[in-house]
Amino acid sequence: MRWNPAEAAAIVEAAGKAPVYSADRPWALELHGRSIYLFETGQRSEHDPLGFDRLLSCGAALENAVLAVRSAGLHPRVVFPSDQASPNLVAIVHADRREPPDPQDLDLHRAIRLADATGEGDARKLGWANHWAGIELRALSQDELVVISTDDRRPDHVRGGAALQAAVLAGRSAGVAVRPVVHVVHRRAWRAGLIERHGLAGFPQALAIVGAKGPVGTGPRAAFADRSDS
């Protein structure tokens, strides 16, 4: 079995609309049979030598691609190859059976084409959007959402980016502004301080500011996804 042309086009379009948190788009898709292969591409930069931001970007593309598969009435089974065995292959999505899409999946998929929302909201109401094992969307306050993983390896960064994208899409579908904060979270001291201040049991992968204004002092302007300086 192979993707039909409409399914393939929808997957490519959805992934292409994912946000990029690094200097350039760090991923490429290959479609084979009923599977999607997501590769990390390009070179890591001086400001992100370990590739955290690039893997979060890969995760955002993965989330959008998975939603496209779900909206087509297929069940996506996601596999994360080890980085030793497959240095550049970060995820494989297999459409292994027919399954009617959930209404919430359809809402998130429709939100891929929407502009970023500008309304107020509550971070505590966005946790439902996450469907990734080992990842939690935890509200630190009404205005702040943190993406926490149980481990801190390559698949956790990718799943963290996917969950962050799910929160962004959930906000869009409800008209609520959700602004990702990624570039400061992987500074060791800043990350340790976040864990200590909030008593977090896990590894913060990203933050999101929820609502049109958000709290003051959440980090430098360059921390936001729409930054213009690298």
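Some values worked out for this structure:
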| item | result |
| --- | --- |
| In Hz, Karplus ³J(HN,Hα) per residue of the range 193-199 (6.51, -1.76, 1.60; θ = phi - 60°; x = Gly, Pro) | x, 5, 4, 5, 4, 10, x |
| The range 121-199 - convex hull of alpha carbons, volume per residue in Å³ | 87 Å³ |
| Spin-label model distance (nm) - Glu30 vs Asp102, 7 Å beyond Cα toward Cβ | 3.1 nm |
| The range 43-158 - charge dipole about Cα centre, Lys and Arg +1 at Cβ, Asp and Glu -1, debye rounded to 20 | 480 debye |
| Cα centre as origin, Lys/Arg/Asp/Glu Cβ charges: the chain dipole, Debye | 80 debye |
| Approximate spin-label separation Val79-Leu50, in nm, with each point projected 7 Å along Cα-to-Cβ | 2.8 nm |
| Residue list for the range 25-50, given a label point 7 angstrom along the Cα-to-Cβ vector of Trp190 and an amide N cut-off under 13 Å | 47-48 |
| Separation of alpha-carbon centers, the range 139-178 and the range 43-90, rounded to whole Å | 15 Å |
| 27 Å tail of the calculated P(r), the chain, as % of Cα pairs | 28 percent |
| Nitroxide proxy distance, nm - points 7 Å out along Cα→Cβ at Glu120 and Asn88 | 4.9 nm |
| J(HN,Hα) series, the range 77-87, from Karplus relation 6.51 cos²θ - 1.76 cosθ + 1.60, nearest Hz, glycine and proline x | 9, 9, 10, 10, x, 5, 5, 6, 6, 9, x |
| Relative packing of peptides 171-182, 24-35 - highest average C-beta neighbours within 10 Å first | 171-182, 24-35 |
| C-alpha long axis of helix 5-16 to longest principal axis of the chain, angle in ° | 20 degrees |
| Rg over Rh [alpha-carbon atoms, Kirkwood Rh] for the range 46-166 | 0.98 |
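Bear in mind these aren't lab numbers, they're just calculated from the coordinates by the rules spelled out. Treat the numbers as computed from the prediction; the structure is a model and nothing was measured. Positions of Cβ are backbone-derived with ideal geometry, glycine not excepted, and every protein chain shown enters the neighbour counts.
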